[in-house]
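What follows is a short report on a single structure.
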Protein chains: 4
Amino acid sequence: MLVVMKPHATPADVAAVEAKIRSLGLVPHSISGAQRVAIGITGNKGALDPALFEGMPGVRDAIRVSQPFKLVSREVKAEDTVIDVGGVSIGGARIAVVAGPCSVESREQLLEAARAVKQAGATFLRGGAYKPRTSPYEFQGLAEEGLKLLALAREETGLKVVTEAMDAETLPLVAEYADVVQIGARNMQNFSLLKRLGTIGKPVLLKRGPSATVREWLMAAEYVVSHGNARVALCERGIRTFETATRNTLDLNAVPLLKSLTHLPVVVDPSHGVGLRAFVPAMARAGIAAGADGLIVEVHPCPERALSDGQQSLTPAEFASLMEQVRVIAGAVGRPF
Amino acid sequence: MLVVMKPHATPADVAAVEAKIRSLGLVPHSISGAQRVAIGITGNKGALDPALFEGMPGVRDAIRVSQPFKLVSREVKAEDTVIDVGGVSIGGARIAVVAGPCSVESREQLLEAARAVKQAGATFLRGGAYKPRTSPYEFQGLAEEGLKLLALAREETGLKVVTEAMDAETLPLVAEYADVVQIGARNMQNFSLLKRLGTIGKPVLLKRGPSATVREWLMAAEYVVSHGNARVALCERGIRTFETATRNTLDLNAVPLLKSLTHLPVVVDPSHGVGLRAFVPAMARAGIAAGADGLIVEVHPCPERALSDGQQSLTPAEFASLMEQVRVIAGAVGRPF
Amino acid sequence: MLVVMKPHATPADVAAVEAKIRSLGLVPHSISGAQRVAIGITGNKGALDPALFEGMPGVRDAIRVSQPFKLVSREVKAEDTVIDVGGVSIGGARIAVVAGPCSVESREQLLEAARAVKQAGATFLRGGAYKPRTSPYEFQGLAEEGLKLLALAREETGLKVVTEAMDAETLPLVAEYADVVQIGARNMQNFSLLKRLGTIGKPVLLKRGPSATVREWLMAAEYVVSHGNARVALCERGIRTFETATRNTLDLNAVPLLKSLTHLPVVVDPSHGVGLRAFVPAMARAGIAAGADGLIVEVHPCPERALSDGQQSLTPAEFASLMEQVRVIAGAVGRPF
Amino acid sequence: MLVVMKPHATPADVAAVEAKIRSLGLVPHSISGAQRVAIGITGNKGALDPALFEGMPGVRDAIRVSQPFKLVSREVKAEDTVIDVGGVSIGGARIAVVAGPCSVESREQLLEAARAVKQAGATFLRGGAYKPRTSPYEFQGLAEEGLKLLALAREETGLKVVTEAMDAETLPLVAEYADVVQIGARNMQNFSLLKRLGTIGKPVLLKRGPSATVREWLMAAEYVVSHGNARVALCERGIRTFETATRNTLDLNAVPLLKSLTHLPVVVDPSHGVGLRAFVPAMARAGIAAGADGLIVEVHPCPERALSDGQQSLTPAEFASLMEQVRVIAGAVGRPF
C-alpha cells in the first residue's frame, strides 16, 4: 500500500502515519518527492484496508498497489509522466529523438554529428564521454574533455545533451554537463548508483539490463524515484538471447507492456537493439509503431572510422532518411513530430 | 555453389554435371523444382570456380552461395517470392492478413469468427483442426471434422484456409482441405515432415521454432524447397527468452534480417508473439512497420470461452480496430492494403 | 486427480468411474497401462475429494496430483522406475552407460566402436541410422542399412542397441531393430510421434528439447506413458542459452529436480551437453555426481573422420579413461558400476 | 601480443618497448604487476613477430595471445594460480569451502552460523553486509555494523572472511575488514569498480554476471588483473535462461572450459546456481566432480527466518552432511580436503 500525503501535509502528519504503520507491525518507507511525500508500506502479508489511513490528517489517498514497484506504477499515477528538459520533452505526445555518436571522439567528429542530427530534426544529442567497454584495452572515452565537447555542441546547435554516467564518482561531473544522465545496460542494477541518481537534479535515461525482466527494470527505476528523482525515462535496447545474427534481440513487446504498467516514458534504441546499420531504420519504425515515446540512434559522420559501434552507426544521410520514415509512422499513430 | 540448369535441360545434361562434381571429389545434390533442376554442391573447402560448369550443356548459371541455405537465399534469387493462393497472395506489395480462432471448436464459433474477420478485411481464415498441446489431457482438436468446418467457412465467406498439419500421416488430408498448410513452431525441425511438404501442391506457412536461430529456420525452409515446393512463407511468432511477463519474445529484428537474407515472404504472428490480448494491436503495427508481408492474428467470437489461447485472442470488435490501425501503418510504409 | 483402478477392475468398473466423473461436469481420461487402468480427471477448478471415488468397485486409489503431469509424477508412484532391457537396466542402483558413434557410417566403423565401448564397460551401443540434420545437404544416415549394422554389432558384442526414430513411418522398423528407441531433442514435442511411442513394446529414451522446461519435458513423457508405454527414460542433453563457447548448456540442475519430480530414470548426455571432446569427461563425472542414472556418450574410432559430431566424439582410449573416472565417481555416490 | 618484462627491467626499458610499439602504429598498454611489468599490444590486424621485441633490453618474453584476455590466459601463464589468504588457499589441490549466511543479520545469527560451518570443515565464512536487492524496499544489509560482526566471527573461529563490496565508496571499508572481497553478479561489468579492485591489497572473488559469456567474464577479470591485482578467483553462480523451475541454471560446462582458458581458480556457488535447498548438495557434488577448486554455500541457523535467500540456505546439519559428500567426491577426483 502507498499512502499519498497532501502537498501541504506537515512533518507531524507524516510522522503520525509512520507511527500508525509501525503500530501494525509493518515498515513505512517515506519517499519525499518534489511536491509531496508518499509513504510506501512493506511487510504486510495480505491487503491492507485503505480506511486505516484515509481519515488521518494530511492524507490525500491510500492506494492498494498490486505490483512490487509502487511509485513508478500506473496504479499510483494514471497519467503519463512528461519529462521537461529545458523546453523539450521526453514523454507526452511528441516523439523525442536522441541522436549522435556512440563515443565523443573529437571536436570535429562531434560537431559534424551534432549539426547533422540537428538538421534532420533530432532535439537531443547523444555521445559517450565515459565508455563501458568489455575489454580494458579498448578506447575508454575522453572523460571530462568529452563532456566539454558536448557542452560546446549544445551551445552551437541548441540540442540537449544525453550522456552516460558510469559511477558515483563521476556522476556529479556528468550531471553538471548533461541535460539527461544516461545509465547503461550493465549498470541497470548498480544499486549504489541508482540511489545516487535519486539525488541529482537531472532526468535519467535508464537502459534495460541485457538479461533484466521488465519487472526488475521497473524496480531499478523505483530505486531512483524512491530516492527522490521522479524524472526517469526507460530505454529498451535489446536483450540477450540465443540468436547471434543480431547483436541483441530488441524486445518491442516491452513497449506496450511498459506503457500499461508504468507512467514513465519509454524510449527505444534500435542501434543496440539490432546492431547492424542496415536494419536500424526498420526497427526505429517498429519501435514508434509499437508505441514508444522516443528513439535514441547512433549516428557518426564516418561510421567505418568510429572508435566504437561503427557497424551499427548510421551516416548523416541514412539518419535523415530514417527521420523521414519515422515522421510518417509517427503521423500514422497520431503523434506529432 | 549451386548449378542452375536451364528449364529444358535433359537428364543427360544433369547427369554430366553430377559426374563432373563427383570427379572433383565433391557431392552433388540435385533438387528438382517445378520448372528446372538445380544442383547444390557440398564438400568443397574453399570457393569453386563457376567456369567449371558454366560452359556445360543445359547449364544456365553457376552461383557462388556464401550461406548454408541456397535455394531460399537472396543470392540465388534476388526478387521477392510472391505466393499466389487462388487469386490472393502472400508476399508482394499487398499485406496478407490471416485471422481466426486458435482451434476450430464448432460450426457456430468458426462461422461467426470467419464472417467477422472477412468483414474487417482479412483474406485468409486460420483455425486449427489438429492441435499440438503441451498436455495429453488438453483439447486436441476436432481433426477431420474441423477441416470440414473450415471448408464450409471458406465456401460461405470466400476466405482462403490456413490450417496446421502435425504429421505426415494427416498431411494428405490437411493438404486436401487447406489452401495453405501451416507448420507449427514445435515441428520446425521435424525433418521428415519438412521433406514431405516438398511433395504437396500447397503453399506452406513455416513457423519459427521457439529456440531456432534465423539461419536454422532458413535451413528448415531449404528442406521444403529443396524437396520440390518453392511456395514457403516464414512466420515469426516469438522466441523463448528469460522474460516471463509475455508468452514469448516477438523477435521483430528477424523481419528486416530475413528480408535481406531470403526472397521468401515473412509473416508476423503478434498473438503468440506477445500472448496477451491488450498488446496484440501494438505488435501487429510494429510488425508491419518493420517490413513484414503479412499478419496472422487469433480472433474468437468469445475469447473467455475459447478452448485454447483465449487470453491472446481478440474479439471481432478488437480485430476490426486492429485492422484500421494496420491499414494506416501499411499506408505509411507504402503497402496497399 | 488420478483414479487408479485395481488390476482386475472390469470395464464396467471403469465405465462407472468415468460416468461419475462426467456427472460432476468434469472430463475423464482413461489411461490403459500394461497391468491396470488409471483415469485422469481434468476440468476441475479446485481440489476434488478422494472420497468421491474411493468406495467405488474396482478403485484402488484416488490420488490428488498437484502437477500437470500425473502418471510420471512421484506423487503417483514413489519408487524409482527401473527399465529392464533384456537383462540390463536403466534406472536402479547400477549406472547405465550407452556409448558409440553419432551416426552409423560403415560396418567397420560401427564394429570397431562397439568392441571398444564394450571392452571399456558400456552395456548399450548408440548409433544413428536416421539422422536429423540442420541442413538437407548433410549426411542423413544409412537408414535400414544402418539398423542392420546395429543388429550385427549387437550380435557380436552383446550390447543392447539404442537408436533414434525420427518419425512414425519408420518407427516400426526402428522399434524392430532397437532395444531402446531414442527420441531426439527436436522431436521432444512431436506429439504425434509421442502418441505412437505409447504403442510400441520397446523402452524410450526421450531427450530434452533445446528450449523445453523440465515441466514441458515431463508432459512429453506423460504423452508416452498415458498412451500405454511406461518404460521411458529422460535424457538431459543441454539447453540453448546465450553462451556460445559450448555447443549447449548442460543443465545438471535438472538432474536432482527430475529425481524429485518423477520416478523415471534420468540419463545425461555430456557429448551434446558441452559439445567439445576435451570437456566431455568432466561433464560425465559431474552428471553422475549430480545423481544421474546413466550416461550416453559419443565415441568414434576416428573422430576427425566422423560424418557428424566429430568434434565432440571421444576416441576409444579417451572413452576408456572416462569410464575409469566414472567408476570412481559412481563409487563415491554409492552406485555400483 | 604481450611483451613481458623481466623483474628488474628499468623504466627506460619499458619506455623503449612502448616507443617501438608506437612506431609500428600500434597501442601499448603497460600493466604494472607486483613483480614485473607486462605490455599488451592492441591495434594490430594480424599476428606480430615476437622477434620484434625479444632482443630488446629488459624483455623476458614476447607472447602471442590468441584470446582478447591476456593476463588471465593460460597462454600467458600455464601453471594454476593459487591465492594464499593468510595460510589457507583458493586454487591448488585442496578444495576451498566458503560457507555462511546470505546476509549478516545479527551477532547471534552470524556466530551460530560461523561456528557450525567451521565445525563442518569450512575455512572461509561468507556473509553480506551490503546487499544488492532487486527492490529498494527490501533489507539492504547492516553495512559497517555487519563488517564488524564478520571480524568478530573471524576472531572467534579463525575462519577467513569473504564479503561483498557493492561500490567504490564502500570498497576501502570492505577491503579493510574482508580477507577476500566478493563482487556480485550484477557488478561483474561495473568497470569503474573493477578498476578499483586492481588497487586493493585483497583477493577478489568475481561472480559471473547472469547473462555474461565466459569470455566476457574473463575480460572482467582481465580488468582487475591489468589494473594491478592478480589475485582473482572466478565464481560460477548460475546463468539466466528460460528455465524457471530453478532460480538460475548452474553452468558447470564453464568449469572445465575455464580451467582450459585461464590459470585463475574456479569456485562454484550451488546455492544461487539452483536456488532450492534440497538440490544444493547434488550441485555441490557435481561442481567438484567437474573440476572446481572450491565451493561457496549459503548456510543459516534457521533458514525459514532468514532475511534473504532462506529458500536456498542449508541448515547447519544439512551443511555438515553436504561436507561429508563433498569430501568423498573430492577424494574421487584426487583432491585432498
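The values are calculated or read from the model by the stated rules, or taken from the named source; none is laboratory data. What you see is a predicted model, and the numbers here were worked out from it, not measured in a lab. Because the Cβ atoms are built from the backbone with ideal geometry, glycine has one as well, and the counts that use them run over all protein chains shown. We work out accessible area using only protein heavy atoms, side chains counted, and drop any ligands, DNA or RNA first. Shrake-Rupley method; radii C 1.70, N 1.55, O 1.52, S 1.80 Å.
Only one of the numbered conditions (1) buried (at least 24 other Cβ atoms within 10 Å of the Cβ); (2) among the hydrophobic types (A, V, I, L, M, F, W, C); (3) not assigned by TED's automatic domain parsing to the domain that holds B:Val104 is not met by B:Phe337, and that is (1).
Yes/no matrix, rows are residues, columns are (1) in the same structural domain as C:Ser89 (by TED's automatic domain parsing); (2) under 22 Å from D:Gly273 (Cα atoms); (3) surrounded by 24 or more Cβ atoms within 10 Å (Cβ to Cβ):
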position: C:Val268; (1), (2), (3): yes, yes, yes
position: C:Ala284; (1), (2), (3): yes, yes, yes
position: C:Gly291; (1), (2), (3): yes, yes, no
position: C:Gly294; (1), (2), (3): yes, no, yes
position: C:His300; (1), (2), (3): yes, no, yes
position: C:Ser308; (1), (2), (3): yes, no, no
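Out of all the residues in segment C:320-328, is one or more facing another protein chain (nearest Cβ under 7 Å) and either closer than 19 Å to D:Arg285 by Cβ or buried (at least 20 other Cβ atoms within 10 Å of the Cβ) (or both)? There is at least one residue in segment C:320-328 that is facing another protein chain (nearest Cβ under 7 Å) and either closer than 19 Å to D:Arg285 by Cβ or buried (at least 20 other Cβ atoms within 10 Å of the Cβ) (or both).
Restricting to segment A:75-94, name every residue that is open to solvent by 30 Å² or more (accessible area, probe 1.4 Å) and over 30 Å from A:Val161 (Cβ atoms). Correct list: A:Glu75, A:Ala78.
Yes/no matrix, rows are residues, columns are (1) modelled with pLDDT under 95; (2) within 21 Å of C:Phe69 (Cα to Cα); (3) out of contact with any Phe, Trp or Tyr (no Cβ under 8 Å at 6 or more places or on another chain):
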| position | (1), (2), (3) |
| --- | --- |
| C:Thr244 | no, no, yes |
| C:Asn248 | no, no, yes |
| C:Thr262 | no, yes, no |
| C:Val267 | no, yes, yes |
| C:Ser271 | no, no, yes |
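When C:Ile90, C:Ile63 are checked against the criterion of being away from every other protein chain (no Cβ under 14 Å) and within 17 Å of the chain's Cα centre (by Cα), C:Ile90 stands alone in meeting it.
Name the residue that is farthest from the other protein chains (Cβ to nearest Cβ), counting only residues in segment C:206-219 that are under 14 Å from C:Thr262 (Cβ atoms) and touching a Cys at 6+ places or on another chain (Cβ under 8 Å). Top of the filtered list is C:Leu206. Considering segment D:249-264, and only residues there that are more than 8 Å from every other protein chain (Cβ to nearest Cβ) and more than 17 Å from D:Ala286 (Cα to Cα), the residue that is surrounded by the most Cβ atoms within 10 Å (Cβ to Cβ) turns out to be D:Leu264.
Confirm whether C:Ala185 is closer than 20 Å to B:Met188 by Cβ, within 12 Å of chain B (Cβ to nearest Cβ) and at pLDDT 95 or above. Answer is yes for this residue. Take the conditions (1) over 23 Å from B:Val225 (Cα atoms); (2) open to solvent by 70 Å² or more (accessible area, probe 1.4 Å); (3) not hydroxyl-bearing (Ser, Thr, Tyr); B:Lys20 misses just one of them, which is (2). Going by what's in this entry, would C:Ala278 be described as open to solvent by 10 Å² or more (accessible area, probe 1.4 Å), in a helix (DSSP H, G or I) and either at pLDDT 95 or above or polar (S, T, N, Q) (or both)? So C:Ala278 fits the description; yes.
Checking every residue in segment B:48-62 against the condition of being touching a helix residue (DSSP H, G or I) at 6+ places or on another chain (Cβ under 7 Å), open to solvent by 70 Å² or more (accessible area, probe 1.4 Å) and part of a loop (DSSP other than H, G, I, E, B) gives at least one match. With respect to B:Val17, is the statement that it is in contact (Cβ under 8 Å) with a residue 24 or more places away in the chain, in a helix (DSSP H, G or I) and not aromatic (Phe, Trp, Tyr) true? Considered against the rule, which asks whether it is in contact (Cβ under 8 Å) with a residue 24 or more places away in the chain, in a helix (DSSP H, G or I) and not aromatic (Phe, Trp, Tyr), B:Val17 comes out as yes.
For segment A:288-319, the set of residues classified as under 20 Å from the mean Cα position of the chain (by Cα), in contact (Cβ under 8 Å) with a residue 40 or more places away in the chain and within 14 Å of another protein chain (Cβ to nearest Cβ) consists of A:Ile288, A:Ala289, A:Gly291, A:Ala292, A:Asp293, A:Leu295, listed by residue number. Among the residues of segment D:136-171, write down those that are charged (D, E, K, R), more than 24 Å from D:Val232 (Cα to Cα) and outside any helix (DSSP H, G or I). Across segment D:136-171, the qualifying residue is only D:Glu138. Condition first: among the small types (Gly, Ala, Ser) and open to solvent by 30 Å² or more (accessible area, probe 1.4 Å). Now tell me which residues in segment A:164-203 satisfy that. A:Gly201 - this is the single residue of segment A:164-203 that is among the small types (Gly, Ala, Ser) and open to solvent by 30 Å² or more (accessible area, probe 1.4 Å).
The lone criterion from (1) of a type outside the set (D, E, K, R); (2) touching a Leu at 6+ places or on another chain (Cβ under 7 Å); (3) part of a strand (DSSP E or B); (4) free of Cβ contacts under 8 Å to residues at least 60 places away in the same chain left unmet by D:Ser89 is number (2). Under the condition of being within 14 Å of chain B (Cβ to nearest Cβ), crowded, with 24+ Cβ neighbours inside 10 Å and of a type in the set (S, T, N, Q), the residues counted in segment A:220-248 number 1.
Which of the residues spanning segment D:32-47 are assigned to a loop (DSSP other than H, G, I, E, B) and open to solvent by 60 Å² or more (accessible area, probe 1.4 Å)? Listed by number, the residues that qualify are D:Ala34, D:Gln35, D:Arg36, D:Lys45, D:Ala47. Restricting segment C:98-130 to residues that are open to solvent by 30 Å² or more (accessible area, probe 1.4 Å) and within 17 Å of C:Leu205 (Cβ to Cβ) leaves a set whose member that is farthest from the other protein chains (Cβ to nearest Cβ) is C:Thr123.
Of the conditions (1) open to solvent by 20 Å² or more (accessible area, probe 1.4 Å); (2) in a helix (DSSP H, G or I), B:Arg133 clears all except one; give me its number. It fails just one condition, (2).
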